[in-house]
Structures are given as C-alpha cells and as structure tokens.
Amino acid sequence: MLTQKKIIIYAISGVFLLALLVWILRIVPLENKHQVVPAFVLGERVDYNRDIRPIVNNKCIACHGGVKKSGGFSLLFEEEALAVNESGERAIVPGNTRKSELLNRIRHHDPELRMPLESEPLSEEEIALFTNWINQGAAWDDHWAYKAPKEKEVPQTKGEWAITDIDRFVLDKLKEKGLQPNPLSDRYSLIRRLSLDLTGLPPELEKVQEFVGDTSENAYEKLVDHYLASAAYGERWAAMWMDLARYADSKGYEADRPRKIWKYRDWLIKAFNDNMPFDRFVTEQLAGDLLPDPTDEQYIATAFHRNTMNNDEGGTDNEEFRTSAVLDRVNTTWTVLQGTTMECVQCHSHPYDPIRHEDYYRSLAFFNQTADADIPSEAPVLIKFDSPEDQEKLEKIQSWVRNSSGDTKTKNEKYFTQLIRLGEPKIHPHYFEQMDKGIPVKGTATFKVDPLIYSLTKALPFAGEDRLMFKVRASDSGGKISFRLDSLQGREIGTWDVLSKTKTRTNEETMEEESYAVMEVVSIPIIPLQGKHDLYLVYEGVDEKELTCTFEWAMLHHSLPGKENPGYEEVEEAFYELYNSENEKETTLVMVSLPDRYKRETRLFEKGSWMVPGEKVTAGVPEIWNPFDDQYDRDRLGFSQWLFSPDNPLTARVMVNRIWEQLFGRGLVSSLEDFGSQGFAPTHPELLDWLALKFMHEMQWDIKKLLKECVMSASYRQSSHFREELKEADPLNEWLARGPRLRLSAEQVRDQALAVSGLLSDKMYGPSVMPEQPEGIWQVVYSGDQWKTSKGEDKHRRALYTFWRRTSPYPSVIAFDAPSREFCLPKRIETNTPLQALVTLNDPVYLEAALALARKVLDVSSGNERERLSLLYSMAVRKGISDEKLEDLVSLHQQSKVYFETQPEAVCQLIGEENEALAIYTVLANAVMNLDEFLMKS
C-alpha cells in the first residue's frame, strides 16, 4: 500500500522527469517562444569561421552590422554582439542558450518577430549550429586572413611527379579531391608559356631550338634564369603594376588634359629589372620623399600616388577634388597591398569585416599631409633642368650655398635645391578668399587683387622667413600690392610695385602684333615673423577698376645665405631666373610632405561626406591587424614599415597571391581584391601561408626568387590538356590538375603580333608614344590636342609605352579588357567577344604585322608552298605544324590565290603594292595570327 509519503515522493519525481523530458525534447513553452535549450551537445565542435560566420554574413549582417545596428545589436564585433541591446537583453550569452535572445528570435513562429525579418527563416540545421555554438561558449574567432601566417609542414606526398615543395602541397590536395595531375608539357609549349609569363613576349626562334636540343639536367632552369635576366622582364611586370597604380598620361575627368608622369613608368621598369626587394619597392612608392636624403628616383617613385585624377573643369572646388584624390590613395593602398575593400568604410563601418568607420579616416590621416592640391599646374613637380644654361645656374647656386653656410651647409643646400626643384610649400588659391563687395569668394585656379577687391589667407604659419615669393600676372603697371597682417589696416610687412610682364603675339585676324600680360615669379623682402597670422593683399595707389593682379600661388621662404659676400646679387638673380626660365624642363608629379606648421587636421566624415566633418582622428590602422605602436612614425613612411612588419597578416599573402594569379590565371585566393570574409577562401591555405612566409623570410621579399620558385614547379610546367573527368571535378582548375591555359593580356596580344613579324622595337624608356589608330576616336574637348601617329620605330614600341588617355584609351587594348585606369584595378575581367576578332583581323597594326610576317617568310624561304606555310606557322606559334592544320593552310592559300587572280585591284588595296604572292601570304599570316593557339597561353 502506498503511503502518503511515497505518493509525495513519486509525484515530485514525476514532475522532475517531466521537466527533464521537456528539456531534452525541446518542448515549446508558453508565450509562443521557440526556445532551444539542449541539455547536452551532440557532434563535433562548432567552428565560428566555418559554420557561423557564413550564416551571419549572408542572413544577419545587413541589419546587424557595420551599416545598420537594428535594435542596437551588431554581429560585426564580438564585444558588440555580447553587449546588452536596446531591449535590455543580451542576444548572445555564452554557454546559456535559455538567456540568449537570438535563439528566441530566429525560431519565433510570428513572421513579424522572427529573424531575419521579411526573409526565409533559418533552416533547422542553421538553428542547431547557432544553438550548439552558444552552448559551447560562443567562441569568436578572427577571419583567417587577419591572423598572421604560421609555419606549415610540407606534405610528404609520394610520387615522381612532384619536383618542388609547391608540388607536394598541390599533389596532397589533388589526392584529397581524388584527382591526378597532368604530365609535364612539351618543350615547345613550355618555353612559349615561360617566355610570355616572364617577359610578355614570345620566345626567340633561336632560343626555342636551343632549349629543345638541350638535354642537360638543368636546361629548364637555365631558361628561367635567362628570361628573369632579360630587359623585357621589367617591361612585362611594370605593365601589370601600372593597372594597380592607375597609370595614365592624362588627368581624367571631363577635360582629361595631358600630364607628364612617364618617368614613373621608367622607374617601375628599372625597379623590376634591378630586382628591387618588394618591401623597398613599396616603401619608395608610398614614402620615397620621406626617406633620408631622397634621390630623384625615390621622389619619382612617389608618383604612384600622384596618378590620381585631377579636375581642371571651371567652377569645381579644389579642396573637394583634393580630398577625392586622398580618398583614392587610401582605397588603392589597402586594395593593392592588403587585399581589403577599405572603400566600404568611407561612409560607415565595414558591412562584413571588423573595420570601424573611424579606421578609414585614421588611414586617411597618413595620406592627408601632402602638398599636392587639385590645381591645373598639378604641383608639386620634380624639375630636371635640360638646358646647360639652367643647369649651370643651379650648380652655381648650390656652390654658393655650400660655401656660405658654415656648419649648416648640408641643410641649406638641401633646402634651396628643393626650393628650386620642388617649390614647396606653396599657398594655393583655394586657401585665399577674395572679398568682392563684402562677399567672400574662394579662389580656384587663381585668385585676384584689384583696387576694389582684396584677398586674404587665414592663419598663415610664419617661421622667420624674410622673403615672399608669388606667381602673378598684372594687367597693367601702376600702384602697389601691400601685404598686411591680420586686418586691412594691419601692419605692412612688404610691398610690391606692380609691374606687368608682357610678350607679343600675332593677331590671326589683323595679322598685327599685340602685347599681352604673362605670369612671372616675383620675390619681395618681408619683415620676418613667427606664429600664425592672417595675411591681407591690398591694391593701393590707383582708383581705376581695370587694373587687376592675378595670382597663381604664394610662398614664404628664406633668402640665400651670404648676403654680405661679394657676388650675392648675381647669385640671387640666377635663383629667380630659374623660376622664370622658359627653357625645356623635364617635370614629374611627385609627393612632398607638408612641413609640420602646415599640417592639416584630419577629421572623420559623417556618412562619408567631406562637407560634414566629424571628430578629429589621428593616424592609425584597424585593431584587427598587427598593432601600430610607437616604433612607427605616424606618417606614410611609418605606415609602409608597418605593412612589412613580420606580424602583418596580409602583405606577403596578397603579393604571393597576385604573382600566382599572373602565372596560373587564378589566385590561390581567387578574389585578389578581397581577402575579407566576403572574398573567396583559399583553395590551398597551407601553400599560401608557406609561400608567404618563405617570401618574407627566406627570400627577403625577392620577387624574382618568388617567380622562380613558382615556375620551377611541376604544377606550373604540367600540360594544360583538359581531361574529360575534370569537366565536373575541376572546371576552373582550382585544384591545379592541369597547367594554365589563358588568353594573353591586351598588351601581350599586340606585342606578340609585332614581335613575330619582326616589327617590334626594343627601345626602352622615355615619353609615351602614339601608334597608329583609326581616325576620329580621339575627340579632345577644351584643347587642340590631337593623336599624332609617332614616326619610325616609336609606333612599333611595346604596348605599355602607348599614350594612355583615361577618357579614350587606345581602342585595341580596351577591346582586350584593359581598364580606363581612372581607378585602381586589382584584376582584369577577361571577356570573349566578336569585337576582339574584329580588332586582330582589321586593326591597322595587326594588318601591318601580318604584312611584315608575310614578307619575312617570302624573303627567307625559297622552298615549295607547303614548306613556306610550315615556316609561316612556326614563326608565329614557335612550334611545328600538324598535318591537319597544314592542309587547312594549303586550302586557304588556294582560295586566296583564286580571289586575288579574279580581283587584282584588291592586291594593292590590301598591301599597297602590286605583289600577289605577298598579298596571299599577308592573308595567311593574318589568319595564323588569329588562331586560338596564337592568342592563348597554353
């Protein structure tokens, strides 16, 4: 019989068992809350990056991330995800699924409350992953790319195919995927592939014969070393970097006027050929002007960030477009060197990666202290005086300064040389206000002063300078410009008696000579001052309204030393004559850092608008990366040093991946521009990190060693033959079961055609050239600039030397996917369009190349037609022809012969002379140069 005590015990036990059953079976509690509360965890541990982050990025982050924080909840940063949100609850409580509101909301039965809103609910599997992850402690983890690479052990994969350690990584992955690699490529295909990859040009016929006949064990390695040492190597890799540097010979925007920056291209070619270590290569481009005693070449390297666009259109705000240029420098730097989409952070925190809104402007602070501005002159430029007369004056000034400066001779010589050759720091027109009838008007390209208008610039920092230099055009003589401090009636620190400098020209309508005023550089003595003062420019001594002085810039500077010495006046005169010299000069846009007293304040832009500045920021980097501590100066040089810290997770990875993509057509991370959580995961993560660490430490950032490491591998040398079983298993060649098979780049398509025809010039360096292009393409507004076809060998130079106008790039390279270069392009997107065939079949350059190749074949071959056709094919493709293809060429030869016999006038129309055999072979050469195997690297 049950006693009352036993009944009570059984009842309590029943209640407990029922509660336990509810717990285990996840019975829905009252109040319609779908709460998942597992009592134990089944299966393997949940990995945040593998299992949780993809769900968050695809289904949660749009409302709960860098752009929006609905309900005050964000999943972008760990501390934000674990914080109390606007409801007063915590969405994620590590280890406690019952208190984690996130689980309630993703399982809620009401669509208006269930997350994600207005979207399909999460699957049961996804909900289970979240549940188990929270129950296991909600362990957060950084994205793989933001963790420094660690040493990887090379797989000990057995097999004769593997030649290098790269192959052991690749073979290990192939076996994991159940795949086998291809055998090594034939020697004809291999030498062509290698030559095109390392030099951008097809191999020399003699080199092909030599390599095919070389039976030595190191025959291939000797070939690799030969092409790495070729002068053409620098041109090929400079062409790749020019996309990243958005190199162009014009300024961009509507007017798109020409600019002289070709010396930067020359620097790139030399840097690659000299095998400049990658860390130095980048540092000189980012901060060459900040290195101790920078050379001309180091200044020229900084043109990397002067390739930004410049807007000459009237009425634009100079500060707006200066800011646009600085924003572009930030975006380009992070894209090229860190594979990071930093442009996403200009307006808000990154939508997918842990980069805060203020991190963008901390990066911008590194680039915001340079002297360049959005002005027509594009100053600062590095001047090289071409004329012996000007060079003699410069040397005379340098000698005077050395001999007159005592202990400060080095400092003074550097100061005055830079003052002449760089002319900074200038005060540009947009820093002046013109007060016309009490209304302030900002200067744009110039600012003016006349009897009714005065100009002022605020808070000008003085540092004891005793001269004021300015570039001015006066409409007439008479009166003076008075320079006053802090008010219109303030202390006068200097004056200039207005004098107009004039020239004469012929009036095209009347054919009579007339005089006109021109700009000249003037320097006046001023009272030395310290500290910041407003500077007023006031026209005095006349009442006529027509008198106007137009200023292009002003600059405070110290006078030459040695005033007390004989001959001072002569040297001083030479100093100012250099500023006004009309002799030819070579100029290159360069970066120059502002002196400390001219440094700008950097502020965050609210919602990315430069017109709504927010809180002040200092230079720095996102916290997710290696720390930017006191060992680095907070300038461009310090930033570059930080990039190459051994702890930086991305610099080496990104460059290794870029080199890999250039050779194999696809990076180990296929999204070259995005190593973030929305980019593609690496196909071979261990190989990527192994190569990155080797590039950093063992190779010491040596690019040629990295290239050699890659091209020596069997992975690179294997045949590109596409096996049927790869159609489903590896259609994109992600697992590297075959060699690369890719269409040549736009530059290589053109260069190869000229090379095999014998037309290609080997001339290197110098200004850009204008090869032949169809009429009517280059329509230039606001100027009389014309496309003038270059003469002689210049029209047959390599494609990277072609004049690049942003609004109208050379049409045949655009057809083959070259960019406009208005902005940095990390990777060209290859297309396959009929327009490309129309170019190679009809463009004047390709027809000229076909004619030249035909002439070569007819000149060197006296055999029968089949021998000539075989020679034609071999000269173009660098290997022997198959019987099937030879028969096709024989058939085309017969058809062409019949055509020209029935249409004799077509001979001269095609080749410009009466030579039927030459016309026939021109058609044949054109056909061969349009073959898939000619336009592809395989």
FRET efficiency, residue 894 to residue 831 (Cβ-Cβ, R0 51 Å, nearest 0.05) = 0.90
What is the Cα centroid distance between the stretch 181-240 and the stretch 114-167, reported in whole angstrom?
-> 39
Between the modelled labels at residue 492 and residue 579 (7 Å from Cα along Cα→Cβ) the distance in nm is 2.1
By a straight-distance test (C-alpha under 15 Å), which aspartates and glutamates pair with residue 607 as possible cross-link partners, with residues fewer than eight away in the same chain excluded?
-> 343, 358, 359, 615
For the stretch 632-696: relative contact order, % (alpha-carbon pairs under 8 angstrom, 6 or more apart) | 27
Answer in debye to the nearest 20: the dipole magnitude of the chain about its Cα centre, from +1 Lys/Arg and -1 Asp/Glu charges placed on Cβ, is 2920
Once Rh for the stretch 780-904 is found with the Kirkwood sum over Cα pairs, what is the Stokes-Einstein diffusion coefficient at 4 °C and 1.567 mPa s, in µm²/s?
-> 72
MRE, 222 nm, helices only [DSSP H, n ≥ 4, -39500 (n - 2.57), over the chain, to nearest 500] | -11500 deg cm²/dmol
Go through 567-575, 279-287 and give me the packing order, highest mean Cβ count within 10 Å leading.
-> 279-287, 567-575
Compactness of the chain as Cα Rg over 2.2 N^0.38 Å, two decimals | 1.17
Report relative contact order for the chain in percent, whole number only (criteria: Cα-Cα under 8 Å, sequence separation at least 6).
-> 14
Would you work out the charge dipole size for the stretch 249-364 about its Cα centre, treating the Cβ of every Lys and Arg as +1 and the Cβ of every Asp and Glu as -1, and quote it to the nearest 20 debye?
-> 220
For the stretch 317-393, divide the Cα radius of gyration by the Kirkwood radius and give the resulting Rg/Rh value with two decimals.
-> 1.20
FRET efficiency, residue 415 to residue 793 (Cβ-Cβ, R0 41 Å, nearest 0.05) = 0.40
Aspartates and glutamates with Cα under 13 Å of residue 788, excluding same-chain neighbours fewer than 8 positions away | 772, 775
Taking H placed 1.01 Å from N in the peptide plane, check which residues at least 5 places from residue 743 or on another chain put their amide H under 5 Å from its amide H.
-> 937
Where does each of 301-308, 844-851, 577-584 land if you order them by average Cβ count within 10 Å, highest first?
-> 301-308, 844-851, 577-584
Approximate spin-label separation residue 909-residue 387, in nm, with each point projected 7 Å along Cα-to-Cβ = 5.4
Cα-derived Rg over Rh, computed across the stretch 163-258 with Rh taken as Kirkwood radius | 1.16
Distribution of pairwise C-alpha distances over the stretch 422-474, 5 Å bins, in % | 4, 16, 26, 26, 16, 8, 2, 0
Wrap a convex hull around the Cα atoms of the stretch 833-898, take a quarter of its surface area, and give that in square nanometres.
-> 5.4
Looking at 804, 749, 773, which one has the Cα that reaches farthest to the positive end of the dipole of the stretch 671-814 (charges on Cβ: Lys, Arg +1; Asp, Glu -1)?
-> 773
Pop the C-beta distance of residue 231 and residue 439 into the FRET formula with R0 = 60 Å and round what comes out to the nearest 0.05.
-> 0.50
Lys/Arg +1, Asp/Glu -1 at C-beta; the stretch 371-468 dipole; positive extreme among 464, 430, 394 | 464
Would you give the gap between the C-alpha center of the stretch 623-690 and the C-alpha center of the stretch 789-810, rounded to a whole Å?
-> 34
Would you calculate the separation in nanometres between label points at residue 123 and residue 317, each defined as 7 Å from the Cα along the Cα-to-beta-carbon direction?
-> 5.0
Determine which residues of the stretch 666-683 fall in the zone a paramagnetic label at residue 47 would reach in this model, i.e. backbone nitrogen under 18 Å from the point 7 Å along Cα→Cβ.
-> 669-670, 676-683
State, as an integer percentage, the relative contact order of the stretch 723-866 based on alpha-carbon contacts under 8 Å between residues 6 or more apart.
-> 27
Quick one, could you list the DSSP H helices from the chain stretching 30 Å or more along their long axis (Cα atoms) with average Kyte-Doolittle hydropathy of 1.6 or above?
-> 4-25
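Read the figures in this text as sums done on the coordinates, not as results from a lab. Keep in mind the model is a prediction, meaning the values are calculated, not measured. All Cβ positions, even for glycine, are placed from backbone atoms using ideal geometry, and neighbour counts span all protein chains on display.
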